[in-house]
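Just passing along the structure, written as structure tokens.
No lab work stands behind these numbers, since they all come straight from the coordinates. Values in this document were obtained by computation on a predicted structure and should not be read as measured data. Using ideal geometry, Cβ is built from the backbone for each residue, glycine included, and neighbour counts are taken over all protein chains shown.
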Amino acid sequence: MIKKAFYKSLPVMAGYIILGAGFGILLHNAGYGIIWAFAMSTLIYAGSMQYVGIGLLTGGASVITTVITTVMVNARHLFYSISMIDKYKDSGKYKPYLIFALTDETYSLLCDDEEYSGEEINRYRFFVSFFNHCYWISGSVIGSLLGSMIHFSTAGVEFSMTALFIASFTEQWIISDNHIPAIIGIVSTLLCLLLFGTENFLIPSMLLITLLLTVIRKKET
Amino acid sequence: MKAAVLILAMAITTIVLRFLPFMIFGKHTPAYVSYLGKVLPQAIIALLVIYCLRDVSVISPPYGIPEFIAGGTVVGMQAWKRNAVISILSGTIVYMVLIRII
């Protein structure tokens, strides 16, 4: 079962080690060494937030600014948690860690996964989450160690992250007989991307998606 | 020390965001929230795909062609083999080759 969790987590490994290393390198260049990289990746464990966080650290942001920025960048985690409430309901002692470690990628691996039942699935979800966390920490520590020495000849490896989401989307499309939520997701996000631009479209998209999903539910009942 | 305080602020805020829905709806999940839990994943995964591709320009070279072909490879492989590791690996390799030749 641990093996199966490891196998499931493999697609995230390459992406997390590369993205983590990118973070570690940037943080190192900003003057914060390996301990900081380790601490941030262990405690915050939210990729895009950590990249933004480097700017907050070097720019000498206030605590209030930091909190507000974190809410803006990470508000999507509210939505991940909402959609996992039922799944994580009976996860017992694993629950706090499962919630803490619910990143974009872990979410995409576990949101449609029903390979086990009962206590088994909790252990399985725990290990998928834990492995991903380890990849992320390892990546950022490696990046910090390499510092500015490294020049990526591996350009394009970062596409593995995009590919992960596309594969997950395709799989859900195949197994689902109702494609309206998926279409709402595409249309709302594209619309908000056009309206709000690449920097600010995430939160409006999530609100619009939630609104539209709410509207079609009322129509159905 | 300031840096440590800021990191803690980021960590705690992120933890609060992740735990909040469980604390509010954990005991009795309203039907509406359960419904959202069921339909949100598909919509949010779609959002994440677009989020990853947000900086791709279709009006300037290479017109998003590498992303389009590599993305298509992932869709095709997933529909064919139903194995995420194979889909992701083949799509990523195709992408790495394409950005070097286009």
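Give me the extension gain from A:Ala155 to A:Phe38: residue separation times 0.36 nm, minus the current Cα-Cα distance, reported in nm with one decimal. If you can, show how the numbers build up before the last one.
On the way: separation 117, 0.36 × 117 = 42.12 nm, distance 2.45 nm.
The span from A:Ala155 to A:Phe38 would gain 39.7 nm if fully extended.
Which one of A:Gly24, A:Gly60, A:Gly47 has the biggest mean-square fluctuation once chain A is modelled by GNM with Cα springs under 10 Å?
For chain A, modelled as a Gaussian network with Cα springs under 10 Å, the answer is A:Gly60.
Taking the protein assembly as shown, how much of its Cα-Cα pair set, in percent, is spaced more than 24 angstrom apart?
Details: 28662 of 52003 pairs.
Tail of P(r) above 24 Å: 55 percent of Cα pairs.
Related question: In terms of the Cα gyration tensor, with a ≥ b ≥ c the square roots of its eigenvalues, is chain B rounded because a/c is under 1.5, prolate because a/b exceeds b/c, or oblate? Write down the numbers at each step before the final one.
Numbers: a/c = 2.66, a/b = 1.56, b/c = 1.70.
The shape class here is oblate.
Something else now. Could you list A:Ser138, A:Ser176 in order of exposure, starting from the residue whose Cβ has the fewest other Cβ atoms within 10 Å? Mind dumping the intermediate values first?
Numbers: A:Ser138 18, A:Ser176 15.
Ordered by Cβ neighbours within 10 Å, fewest first: A:Ser176, A:Ser138.
Here's a follow-up. Return the sequence-ordered ³J(HN,Hα) values of segment A:173-181 in whole Hz as given by the Karplus equation 6.51 cos²θ - 1.76 cosθ + 1.60 applied to θ = phi - 60°, using x for Gly and Pro.
4, 5, 7, 9, 9, 10, 9, 4, x
If you average the C-alpha positions of segment A:70-88 and of segment B:51-102 separately, how far apart do those two centres end up, in angstrom?
Between the Cα centres of segment A:70-88 and segment B:51-102 lies a distance of 28 Å.
Let me ask another. Near B:Val33, within a Cβ-to-Cβ distance under 14 Å, what is the net charge of the other residues, with Lys and Arg +1 and Asp and Glu -1?
Numbers: positive: A:Lys87, A:Lys89, A:Arg217, B:Lys27, B:Lys38; negative: A:Asp86.
Counting the neighbours of B:Val33, the net charge comes to +4.
While we're here: With unit charges on the beta carbons (Lys and Arg positive, Asp and Glu negative) and the dipole taken about the Cα centre of the protein assembly as shown, which residue among B:Ser60, A:Val73, A:Ser168 sits farthest to the positive side?
The Cα lying farthest towards the positive end belongs to A:Val73.
Okay, moving on. Just need the relative contact order of chain A here, percent rounded to a whole number, with Cα pairs under 8 Å and 6+ apart. Each step should come with its number before you reach the end.
Values: 203 pairs, mean separation 78.2, N = 221.
Rounded, it is 35 percent for chain A.
Further question on the same structure: Between A:Cys111, A:Gly59, B:Thr29, whose Cα lies farthest towards the positive end of the dipole of the protein assembly as shown when Lys and Arg beta carbons carry +1 and Asp and Glu beta carbons carry -1, centred on the Cα centre?
The listed residue farthest towards the positive side: B:Thr29.
Given charges of +1 on the Cβ of Lys and Arg and -1 on the Cβ of Asp and Glu, with all other atoms neutral, how large is the dipole of the protein assembly as shown about its Cα centre, in debye to the nearest 20? Can you show the working numbers first?
Numbers: 21 positive and 17 negative charges, 93 e Å.
With Lys and Arg at +1 and Asp and Glu at -1, about 440 debye.
For the pairs A:Lys218/B:Lys27; A:Lys93/B:Lys38; A:Lys95/B:Lys38; A:Lys87/B:Lys81; A:Lys93/B:Lys27; A:Lys95/B:Lys2, flag any whose C-alpha to C-alpha distance is greater than 22 Å.
A:Lys218/B:Lys27; A:Lys93/B:Lys38; A:Lys87/B:Lys81; A:Lys95/B:Lys2
Assuming R0 = 22 Å, can you tell me the calculated FRET efficiency for the pair A:Lys4 and B:Asn83, based on Cβ-Cβ distance, to the nearest 0.05?
Once rounded, the FRET efficiency stands at 0.95.
If you don't mind, there's one more thing I want to ask. As I understand it, the dipole of chain B uses +1 on the Cβ of Lys and Arg and -1 on the Cβ of Asp and Glu, about the Cα centre. Which of B:Ala9, B:Tyr51, B:Ala84 lies farthest toward its positive end?
After comparing all options, I get B:Ala9.
Sticking with this structure for a sec: Within a 10 angstrom radius of each residue's Cβ in A:65-77, how many Cβ atoms of other chains show up on average? Whole number is fine. Mind dumping the intermediate values first?
Numbers: counts 2, 7, 6, 1, 3, 9, 4, 0, 4, 7, 1, 5, 8.
Per residue, the number of nearby Cβ atoms from other chains is 4 on average.
Also: Principal axis extents for segment A:76-221, Cα atoms only, whole Å, descending order, please.
Its Cα atoms span 58, 44, 26 Å along the three principal axes.
Same structure, new question: Taking a spot 7 Å from the Cα of A:Ser48 along the direction of its beta carbon, which residues of segment B:21-57 have an amide N less than 14 Å from it?
Those under the cut-off are B:44-56.
Now a separate question. Give, rounded to the nearest 20 debye, the magnitude of the charge dipole that chain B has about its Cα centre when Lys and Arg contribute +1 at Cβ and Asp and Glu contribute -1 at Cβ.
280
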